[in-house]
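The values are calculated or read from the model by the stated rules, or taken from the named source; none is laboratory data. Quantities reported herein were computed from a predicted structural model and do not represent experimental measurements. Note that each Cβ is placed from the backbone with ideal geometry, even for glycine, and that neighbours are counted across all protein chains shown.
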Amino acid sequence: MAASQKFVTADTPMGATLVDGGATFRVWAPRAAHVYLARGETSTYQAVPEDELVRDPSTGHWTGFFPGVVDGSTYRYYVVGADGSAALKRDPRAVELEGGVALADCDCVVRNPGAYPWHDAGFITPAFNDLVVYQFHVGVFYARDPGGRDIRQNRVAKLLDALGRIAYLADLGVNAVQPLPVVEFHGPWSQGYNGTDLYSPETDYCVADADLDPYLDQVNALLTQRRRTPVRRQDLVGHVNQLKAFVDVCHVFGIAVVFDVVYNHAGGDLDAASLDYLDMPPHPDTGNSLYFFNRDWAGGKIFAFDRPDVRAFLIDNATMFLDEYHADGLRFDEITVIDRNGGWSLCQDVTATLRYRTPSAVLIAEYWGDIRSLAVTPAPSGMGFDLGYDDRMRLGIRAVLSLVAGGADAAVDLGPVVAGLQRPWGFPGAWQAYTCLEDHDLVLDADGNDHRQPRIARLCGGNDARSWYARSRARVATGLLLTAPGTPMLFMGQEFLEDKLWSDNIQLTDRQIWWDGLDGANPDRAMVDFHRFVRDLIWLRRSHPALRADPVSVYPLAHDGRVLAFQRWVPNVGRDVVVVASVAESTFTGDYELGFPHIGYWREVFNSDYYDTFPNSAVQGNAGGIIADGPSRHGMPASARITVPANSLIVFATDNGDPL
């Protein structure tokens, strides 16, 4: 007798779904001859008739209801092919995998999606143009034992370890975090872009039940700090709950979470129990995989975007992150690959579905096609994402930093930076440009054209990443990123002048970001000062609406002076801000004539020179403000003679910004 069809309808979800008295199961395996549900000790499973799911020949879906299944129950599918071959398979929709077991041998875990007690009811996802994003890799980011000892040298860092830095990130001012992919991959460490089980949190990023006690204390201390009800130990049991707790605490501290998803390919290492040949075709080859084309990308297999069940698998995965994990957005890896392999309409379907369900969720596209604007153009002309990667500012700033390394007399062209300040061609809004100076690819210690580009501190200082040149130029570069139009992203460690390349390999401990340089027993003064600079500048951006608005007007360049100035404002409101950036190695002392948008007093609301050996007692600046009462200049109705410190960024505004 086959499995009961009680509770099974045409709308029964894929995967395992808890219902009254048990659970329903649904899996796509169109070429399989039989599919059984193996429960409990699956490694020695023998097929019996009552475990066989029922096939719907019109869909290729197999379904069944099994009584007695509860939260924490384990299972796998036992799939028999048309030729009689059989194997245990993981559920492609499994929301959790068994920890402490090799991936090829692990079971799937049933979870109750409503078990975690959320505390984030009052959290509001920031407006897209208000975002300041912080990217990090869970496995190497941060981990300390209860005594404060750094334990990243001994093991992979966990999601709950990262919460040890959540108060720090909130104080820094970033209002969104973007962890590298957090779904299951093969092996203990990876960047995460070789995911194998897209619905399951990475097991090595999660904590075993026996080790939860110190994490329970930490989570409850953070919740109590923000006047939230503590969680129970059982609320952190399981990988699903731990990922939810990570998002929950981020929200409690005012930080949105943008998950990084990879829908262009899966693997590398797709083992025999994976979704690859799940329905056991008689002769598995590159042409008859269930979920994939016979094309590769980045060492893995490209999804078959033309198959309805594959499209549903990917769209439902994106929806899961927003619905089940309360995600505030998604960063879509290399949709260029999706577009070039027949996935244009998939991108449109994904963005339309997510925007309908969660309009506040930001959808970020990594798209390097010939016409970049197609990613952020609404359908039907475009794919409909909210933000698209824009590398012009990064390339421009890095080019200038390379040129100024030639010394005070080197010819420097600021033109590429000016170009990076403009709205990208075809983008509906300037805020839609997703910008950075460093990210996981650029400063990764690995082979490849996109890797091993120097950290900004190293690019600015050459052999001495703590020299005045390194410190001051890095402030200019970071200052431009945070005052320019677009949505800025920082990479872990960038905010405190980390100069080493990073690695996802936990054995390369010399590539881990140096937290002790910031707040250890003997901190690095340059790191501490730079962190304060970045912190204050982020909060300046968040307090001045002009720095988050679209308009920008760049002053005519004086190439020989190495000075760049631009005006920002709020349309139909004003609240003007004038930013002046200099890569000159000497100070213009009260003799740099600059146009201003109107006559009157302009506050010097930010001066990067103040942060060199903070507080810089010899700071060069404008004594808190200037009076613009000179003749028209640079197309502006007024002007003033100002001091521009060497290698600096200064900001003038008509007010002190909005209270935060």
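If you check Leu198 against the conditions, is it surrounded by 16 or more Cβ atoms within 10 Å (Cβ to Cβ), without any contact (Cβ under 8 Å) to a residue 40 or more places away in the chain and either out of contact with any Cys (no Cβ under 7 Å at 6 or more places or on another chain) or among the aromatic types (Phe, Trp, Tyr) (or both)? Judged against the criteria, Leu198 is not a match. Selection of the stretch 107-130 for residues being of a type in the set (A, V, I, L, M, F, W, C) and in contact (Cβ under 8 Å) with a residue 40 or more places away in the chain yields Cys108, Val109, Val110, Ala115, Trp118, Phe123, Ile124, Phe128.
Identify all residues within the stretch 52-76 that are crowded, with 20+ Cβ neighbours inside 10 Å and either free of Cβ contacts under 8 Å to residues at least 60 places away in the same chain or assigned by TED's automatic domain parsing to the domain that holds Ala272 (or both); write none if there are none. Those that are crowded, with 20+ Cβ neighbours inside 10 Å and either free of Cβ contacts under 8 Å to residues at least 60 places away in the same chain or assigned by TED's automatic domain parsing to the domain that holds Ala272 (or both): Leu53, His61, Trp62, Val69, Tyr75. Anything in the stretch 405-461 that is closer than 18 Å to Arg475 by Cα, more than 20 Å from the chain's Cα centre (by Cα) and not hydrophobic (A, V, I, L, M, F, W, C)? List them, or say none. Of everything in the stretch 405-461, those that are closer than 18 Å to Arg475 by Cα, more than 20 Å from the chain's Cα centre (by Cα) and not hydrophobic (A, V, I, L, M, F, W, C) turn out to be Gly407, Gly420, Pro454, Arg458, Gly461.
The residues of the stretch 397-415 that are touching a Leu at 6+ places or on another chain (Cβ under 8 Å) and crowded, with 16+ Cβ neighbours inside 10 Å, listed by number, are Ile397, Arg398, Val400, Leu401, Val412, Leu414.
Of the residues in the stretch 292-309, not one is buried (at least 20 other Cβ atoms within 10 Å of the Cβ) and either in contact with an Asp or Glu (Cβ under 6 Å, 6 or more places away or on another chain) or among the hydroxyl-bearing types (Ser, Thr, Tyr) (or both). Within the stretch 554-561, does at least one residue satisfy the condition of being crowded, with 24+ Cβ neighbours inside 10 Å and under 30 Å from Gln422 (Cβ atoms)? Checking the stretch 554-561: not a single residue is crowded, with 24+ Cβ neighbours inside 10 Å and under 30 Å from Gln422 (Cβ atoms).
Number of residues in the stretch 123-146 that are at pLDDT 95 or above and part of a loop (DSSP other than H, G, I, E, B): the value is 10.
Take residues that are hydrophobic (A, V, I, L, M, F, W, C) and tell me which of the strands (runs of 3 or more DSSP E) falling wholly in the stretch 482-587 contain 3 or more.
487-491, 563-570, 574-582
Among the residues of the stretch 7-44, just one is at pLDDT below 95 and surrounded by 13 or more Cβ atoms within 10 Å (Cβ to Cβ), namely Thr42. For the stretch 147-165, the count of residues that are touching a Lys or Arg at 6+ places or on another chain (Cβ under 9 Å) and in a strand (DSSP E or B) is at least one.
List the residue pairs whose Cβ atoms are under 7 Å apart, where the first residue sits in the stretch 233-255 and is of a type in the set (D, E, K, R), the second is surrounded by 22 or more Cβ atoms within 10 Å (Cβ to Cβ), and the two are 6 or more positions apart or on different chains. Partner pairs satisfying both residue conditions: Asp235/Tyr116; Asp235/Asn241; Lys244/Tyr116. Just one residue in the set Asn264, Asn241 is under 19 Å from the mean Cα position of the chain (by Cα) and either outside the structural domain of Leu387 (by TED's automatic domain parsing) or among the polar types (S, T, N, Q) (or both); that residue is Asn264.
Can we say Phe303 is aromatic (Phe, Trp, Tyr) and at pLDDT below 95? When the stated conditions are applied, Phe303 does not pass them.
Note on the stretch 1-110: enclosed strands (runs of 3 or more DSSP E) holding 3 or more residues that are over 37 Å from the mean Cα position of the chain (by Cα) are 34-39, 54-56, 61-67.
Close contacts from the stretch 279-292, counting a first residue that is on the phi > 0 side of the Ramachandran plot and a second that is of a type in the set (A, V, I, L, M) and surrounded by 22 or more Cβ atoms within 10 Å (Cβ to Cβ), with Cβ to Cβ under 6 Å and a gap of 6+ residues or different chains, come to Met280/Ala32; Met280/Val79.
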